[in-house]
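Participant: Encoded as structure tokens, here's the structure I'll be asking about.
The values are calculated or read from the model by the stated rules, or taken from the named source; none is laboratory data. The shown structure was predicted, so the numbers you read here are calculated from the model rather than taken from an experiment. Positions of Cβ are generated from backbone atoms using ideal geometry, with glycine treated the same way; all protein chains shown enter the neighbour counts. These accessible areas exclude ligands, DNA and RNA; they are computed on the full protein's heavy atoms, side chains included. Shrake-Rupley method; radii C 1.70, N 1.55, O 1.52, S 1.80 Å.
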Amino acid sequence: MRCDLHIHSIASGMCSTALLRLLCRESYNQPDEVYRRCKNLGMSIVTLTDHDSIDAAESLRRYPDFFVSEEVTCQMPSGTEVHLGVYNLRERDHLEIQRRRRDFVSLLMYLTEQKLFFSVNHIFSGLTGRRDAVDFHWFASYVPAFETRNGQMFGKANRQAETLAKKLGKIAIGGSDSHTLRGVGRTYTEVSEVQTVAEFFAGLRARNGRVSGADGSLAGLTADVYRIIQSLFQERPATLALLPLAVLVPAVTAGHWMNEKWFCRKWAAHFEGEAESPRMLWDLRAGTEQV
């Protein structure tokens with residue numbers, strides 16, 4: 001079974017960037033379009049991981065191969081933010097997760113108690129802002145899975161995430177992190193000899209998963225930004241007055257790309273020479289998923 005474990009839709013809300021949050025959405029993907037593209041590209045099961053939202057799931061619940069997930073913006077004890085992918089959850093789980101997401105320890109206790117599968121996403125990305133060394137100690141000790149291939153991250157960052165996951169004994173997952181339809185289903189996680197969503201995650205816990213698909217590129221990121229801008233103009237025609245500013249997009253994306261490379265170099269170097277595998281909060285075993 002294959003699944004792209006990181007996809008955004010229109011339910012991800014507004015851009016987090018200053019000023020743009022007043023005008024532009026994170027994604028203009030329609031849930032049904034995402035579902036059809038996933039199936040066309042051979043995904044066996046489908047999910048959406050919108051930012052702190054499961055609203056888009058409502059229109060896809062009719063499909064037996066769809067399951068509910070979300071990307072949680074969580075505040076760490078250090079005051080930094082991190083994105084956690086939380087998978088195969090129920091509506092009451094979502095409500096409790098949102099209540100606790102400003103407190104990583106409280107959220108961790110709930111996810112642990114409910115045996116929900118979760119991961120740290122784009123671990124070598126500066127997308128959520130600054131990072132503190134103690135954050136990585138929390139990840140190492142208590143998070144069961146790392147996203148080791150993100151379809152928007154450059155190859156070296158994904159390889160560093162894979163290396164760190166192996167060093168720390170983490171489960172590896174992958175997803176496109178696509179905010180446009182272009183990348184949906186191009187990066188995914190695969191588990192063999194399973195037939196249901198519950199079996200898929202049991203297989204991941206048993207470390208029978210495999211990550212496949214494309215890394216990100218600067219050209220792809222730039223093209224996606226232009227696609228989002230086009231959707232913005234279609235939704236809000238008055239914003240066409242901002243069209244001349246579109247020439248700045250390549251410079252902005254190039255600056256972002258360079259910052260991502262700097263962030264990756266800085267924190268990858270932090271782990272060089274560390275060999276000890278920390279304890280886990282609970283023993284991850286197959287068969288704990290709810291049917």
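Participant: Being among the charged types (D, E, K, R) and farther than 20 Å from Val34 by Cα is the filter here; which residues of the stretch 161-198 pass it?
Facilitator: Glu162, Lys166, Lys167, Lys170, Glu193
Participant: Within the set of pairs 6 or more residues apart or between chains, which connect a residue that is aromatic (Phe, Trp, Tyr) inside the stretch 27-56 to a residue that is assigned to a loop (DSSP other than H, G, I, E, B) and open to solvent by less than 30 Å² (accessible area, probe 1.4 Å) with Cβ atoms less than 8 Å apart?
Facilitator: As it stands, the answer is Tyr28/Thr180, since those pairs meet every condition given.
Participant: In addition: Within the stretch 174-192, restricting attention to residues that are in contact with a helix residue (DSSP H, G or I) (Cβ under 9 Å, 6 or more places away or on another chain) and over 30 Å from Ser231 (Cα atoms), which residue is surrounded by the fewest Cβ atoms within 10 Å (Cβ to Cβ)?
Facilitator: The extreme case among them is Ser192.
Participant: Let me ask you something else. Can you give me the number of residues within the stretch 57-73 that are among the acidic types (Asp, Glu) and crowded, with 22+ Cβ neighbours inside 10 Å?
Facilitator: Looking only at that region, the number is 2.
Participant: Would you check which residues across the stretch 110-129 are in contact with a Lys or Arg (Cβ under 8 Å, 6 or more places away or on another chain) and either open to solvent by 50 Å² or more (accessible area, probe 1.4 Å) or more than 28 Å from Arg159 (Cα to Cα) (or both) and list them?
Facilitator: Tyr110
Participant: Between Met14, Met76, Met43, which is of a type outside the set (Phe, Trp, Tyr), in contact with a Phe, Trp or Tyr (Cβ under 8 Å, 6 or more places away or on another chain) and over 14 Å from Leu181 (Cβ atoms)?
Facilitator: Met76
Participant: Quick check on my filter: what residues within the stretch 219-246 are surrounded by 16 or more Cβ atoms within 10 Å (Cβ to Cβ) and among the β-branched types (Val, Ile, Thr)?
Facilitator: Thr222, Val225, Ile228, Ile229
Participant: Also, quick follow-up: State all residues of the stretch 207-246 that are among the hydrophobic types (A, V, I, L, M, F, W, C) and touching a strand residue (DSSP E or B) at 6+ places or on another chain (Cβ under 9 Å); if no residue qualifies, say none.
Facilitator: Once the filter is applied, which keeps residues that are among the hydrophobic types (A, V, I, L, M, F, W, C) and touching a strand residue (DSSP E or B) at 6+ places or on another chain (Cβ under 9 Å), the stretch 207-246 yields Val211, Ala214, Ile228, Leu232.
Participant: Out of all the residues in the stretch 12-58, which are β-branched (Val, Ile, Thr), in a loop (DSSP other than H, G, I, E, B) and modelled with pLDDT of 95 or more?
Facilitator: Ile45, Thr49, Ile54
Participant: If you go through the stretch 154-173 one residue at a time, how many are open to solvent by 30 Å² or more (accessible area, probe 1.4 Å) and within 18 Å of Asp4 (Cβ to Cβ)?
Facilitator: 2
Participant: May I ask you to list the residues in the stretch 138-171 that are assigned to a strand (DSSP E or B) and either over 20 Å from Leu116 (Cβ atoms) or at pLDDT below 95 (or both)?
Facilitator: Passing the criteria: Arg149, Asn150.
Participant: Just a yes or no: is a residue in the stretch 13-31 among the aromatic types (Phe, Trp, Tyr) and either in contact with a strand residue (DSSP E or B) (Cβ under 8 Å, 6 or more places away or on another chain) or crowded, with 23+ Cβ neighbours inside 10 Å (or both)?
Facilitator: Checked against the condition, which is being among the aromatic types (Phe, Trp, Tyr) and either in contact with a strand residue (DSSP E or B) (Cβ under 8 Å, 6 or more places away or on another chain) or crowded, with 23+ Cβ neighbours inside 10 Å (or both), the stretch 13-31 yields no hits at all.
Participant: Here is a further query. Step by step: first the residues of the stretch 74-88, then only those that are open to solvent by 10 Å² or more (accessible area, probe 1.4 Å) and in a strand (DSSP E or B), then the one that is nearest to Ser119 (Cα to Cα). Which residue is that?
Facilitator: His83
Participant: Then there is this: Cβ-Cβ below 6 Å, separation at least six or inter-chain, first residue in the stretch 212-231 and among the acidic types (Asp, Glu), second assigned to a helix (DSSP H, G or I): which pairs?
Facilitator: What qualifies is Asp215/Gly155; Asp215/Asn158.
Participant: In the stretch 1-16, which residues are of a type in the set (Val, Ile, Thr) and touching a Cys at 6+ places or on another chain (Cβ under 8 Å)?
Facilitator: Ile7, the sole residue that qualifies.
Participant: Still on this structure, I have one more. Out of Ala145, Ala133, Ala198, which single residue is small (Gly, Ala, Ser), within 13 Å of the chain's Cα centre (by Cα) and either under 30 Å from Pro64 (Cα atoms) or open to solvent by 10 Å² or more (accessible area, probe 1.4 Å) (or both)?
Facilitator: Exactly one residue qualifies, and that residue is Ala145.
Participant: Identify the single condition in (1) at pLDDT 95 or above; (2) closer than 22 Å to Tyr142 by Cα; (3) touching a Ser or Thr at 6+ places or on another chain (Cβ under 9 Å) that Ser212 does not satisfy, given that it satisfies every other one.
Facilitator: Against the list (1) at pLDDT 95 or above; (2) closer than 22 Å to Tyr142 by Cα; (3) touching a Ser or Thr at 6+ places or on another chain (Cβ under 9 Å), Ser212 comes up short only on (2).
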